[in-house]
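Each remark here refers to the structure printed beneath this line.
The values are calculated or read from the model by the stated rules, or taken from the named source; none is laboratory data. A quick note: this is a predicted structure, and the numbers were derived from the prediction, not measured. All Cβ positions, glycine included, derive from the backbone under ideal geometry; neighbour counts span all protein chains shown. Heads up: the accessible areas ignore ligands, DNA and RNA and are worked out on the full protein's heavy atoms, side chains in. Shrake-Rupley method; radii C 1.70, N 1.55, O 1.52, S 1.80 Å.
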Amino acid sequence: MHAFKYHRPSSVNDAAALVKGEAKLLAGGQTLVQTMKLRLASPSDIIDLGTIKDLAGIKSDGKTLSIGAMTRHADVAHSAEVKKAIPALAALAAMIGDRQVRAMGTIGGSVANNDPAADYPAALLALNATITTNKGKHEADKFFKGMFTTALAADEIITGVSFQVPRRAAYTKFKNPASRFAIVGVFVADFGGSVRVAVTGAGAGVFRQADMEKALAAKFAPESVANIKVKQDGLNSDMHASAEYRAHLVTVMAKRAVEAALK
Amino acid sequence: MAVKVSLKVNGKSVSAEVEERTLLVTVIRENLRLTGTHVGCDTAQCGACTVSMNGKAVKSCSMLAMQAEGADVMTIEGVAKPDGTLHPMQAAFKEHHGLQCGFCTPGMVMNAIDYAKHHPDPTEEQIREALEGNLCRCTGYHNIVKAIGAGARAMAAGK
């Protein structure tokens, strides 16, 4: 790892003021520290968000569920509040990485990083989430801009994520057996009248599957999506899975997600 | 530039002058000379570096020492009683021969203790899932899984 200057700000404003040049914000560090060790990232400055108060926490008012940016995956997975409001979201958090990683990794870090195979972006997109930052708010639909890219400005810091509570929802993931990242993951959310389907792992970034959303809005049942063929154009192809295979998995995972949501 | 990091390790307050880029595992092994915490893969896959931080199992190769400032850390050296009596989880690993070469064992035990605190009577399937972040290249996991089940039940029984 290359040398850097370490900062420990006590507020989000102080943290934002420190962002300059090649500085990087550090949340849980479960991606960033490893990336730095491999010298894929060599920031000049590390701004540790870990000691800023009030960035972690979970609140629900029945219609929306709000999670602070520094809330760890394990805390989301075990939260009674999350399990009650959106059990699919607690289940998703419990599927991220392994339990040691879940003890450190944060929702804000995952969302800001926007790994194309990460789990949380699918939940944000399917649950019509709002991302709150020190500068304002972003709708999930306009936030994820493809591989490792988001609508965040350089000195913009995520403070929390608010999810719309659906009538029912489920997330199913076909895991890479080594990394536990999604080869394909599908989050289905039924809001009663409208349905949102978000796919992670398959493409350069998370995306919605409009034809499935339409079919499920008409009838929320596994057979509504079972025969929808997903085009392989633009999907990822690598040593783990071809684009053709990933396209097929989107349909399979969507069908299973609907089955799980109906249980 | 050197910075000072202060934390509690195995109940003792310690501090070290380190470079800012120093990993927690490096402080534990090289500054504190507690070499029971191992570095296996160095890429967050294998879990040999697992320690307890503020009561939670974390991978000490995946965090900066500075992220542990003020934290209460326990390593494998702090698990047995001062008189050498093994922790119930350690005793279960010995009893069920949950190891071969032993390299992964400290990380296995540290993760297992944290897991067992919340799961006093885990099923085999639950244990295998809890071991996602710990790799063993010798055993095929069979006796490790047995040991963790027995260790968890012994911990719950207060042995």
- Query: What span do the alpha-carbon atoms of segment A:168-262 cover on each of the three principal axes, reported in whole Å from largest to smallest?
  - Reply: 39, 24, 20
- Output the residues of segment A:1-23 meeting this criterion: accessible area (heavy atoms, 1.4 Å probe) in the chain alone minus accessible area with all protein chains in place is 50 Å² or greater. A:Met1, A:Phe4, A:Tyr6, A:Arg8
- What accessible area per residue, rounded to a whole number of Å², is obtained for chain A using a probe radius of 1.4 Å? 43
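Find the accessible area per residue for segment B:88-156; the probe is 1.4 Å, ligands and nucleic acids are left out, and the unit is Å². Walk me through the numbers before you get to the answer.
On the way: 3220 Å² over 69 residues.
Here the residues of segment B:88-156 average 47 Å² of exposed surface.
For A:Met147 and A:Ala210 in the same chain, what is the full-extension length gain: residue separation times 0.36 nm, less their Cα-Cα distance, in nm?
20.6 nm
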- Taking the Cα centre of segment B:2-78 as the origin, how large is its charge dipole in debye, to the nearest 20, when only Lys and Arg (+1) and Asp and Glu (-1) carry charge on their Cβ atoms? 180
- For segment A:5-48, which whole percent of the accessible surface, found with a 1.4 angstrom probe, sits on carbon and sulfur atoms? 51
- Task: Using only alpha carbons, build the gyration tensor for segment B:88-156 and give me the equivalent ellipsoid semi-axes, biggest first, whole Å.
- Result: 16, 12, 10
- Message: If I model a spin label at A:Ala80 and A:Lys231 as a point 7 Å from the Cα along the Cα→Cβ vector, what separation in nanometres do I get?
- Response: 4.9
- Of A:Ala118, A:Ala153, A:Ala88, which is the most mobile in a GNM of chain A whose springs link Cα atoms less than 10 angstrom apart? A:Ala153
- Task: Mind grabbing the interface size between B and A? I mean buried accessible area, both sides, 1.4 Å probe, in Å² to the nearest hundred.
- Result: 2400
- So which residues of segment B:113-145 lose at least 10 Å² of accessible area, probe 1.4 Å, when you go from the chain by itself to every protein chain present? B:Asp114, B:Tyr115, B:Glu129, B:Ala130, B:Glu132, B:Gly133
- What is the mean number of Cβ atoms from other protein chains located within 10 Å of the Cβ atom of each residue in peptide B:60-69, rounded to a whole number? 6
- Item | Span-like helix ranges in chain B, DSSP H, alpha carbon extent 18 angstrom or more, Kyte mean at least -0.5 | B:105-118, B:142-156
- Query: So what is the relative contact order for segment B:21-82, in percent, with contacts set as C-alpha pairs under 8 Å and at least six apart?
  - Reply: 37
- Under a Cβ-Cβ cut-off of 11 Å, what is the net charge of the residues other than A:Ser79 that fall near it, where Lys and Arg count +1 and Asp and Glu count -1? +2
- Note on the structure: Pseudo-spin-label distance A:His248 to B:Arg153, built 7 Å along Cα→Cβ, given in nm, is 4.3
- Task: Could you work out how far the C-alpha centroid of segment A:1-70 sits from that of segment B:18-89, in angstrom?
- Result: 22
- Note on the structure: A 1.4 Å probe over the protein heavy atoms gives chain B a carbon and sulfur accessible-area percentage of 51
- Note on the structure: Projecting the Cα atoms of A:Gln209, A:Ala257, A:Val199 onto the charge dipole of segment A:168-262, where Lys and Arg contribute +1 and Asp and Glu -1 at Cβ, the residue farthest towards the positive end is A:Ala257
- Item | Taking the C-alpha atoms of chain B, convex hull volume expressed per residue in Å³ | 101
- Item | Shape parameters for the protein assembly as shown, alpha-carbon atoms, Rg then Dmax in Å | 21.9, 69
- Task: Using packing as a proxy for protection, rank A:31-38, A:236-243, A:2-9 so that the peptide with the highest average count of other Cβ atoms within 10 Å comes first.
- Result: A:31-38, A:2-9, A:236-243
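List, in the order given, every pair from A:Lys63/A:Lys219; A:Lys53/B:Lys56; A:Lys229/A:Lys263; B:Lys12/B:Lys81; A:Lys37/B:Lys8 whose Cα-Cα distance in the structure shown is over 18 Å.
Pairs exceeding 18 Å: A:Lys63/A:Lys219; A:Lys53/B:Lys56; A:Lys229/A:Lys263; A:Lys37/B:Lys8.
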- Message: I want the local charge near A:Lys229. Using Cβ-Cβ distances under 14 Å, sum +1 for each Lys or Arg and -1 for each Asp or Glu among the other residues.
- Response: 0
- Task: Report the full-extension gain for the segment B:Thr43 to B:Asp121: residue separation times 0.36 nm, less the Cα-Cα distance, to one decimal in nm.
- Result: 25.0 nm
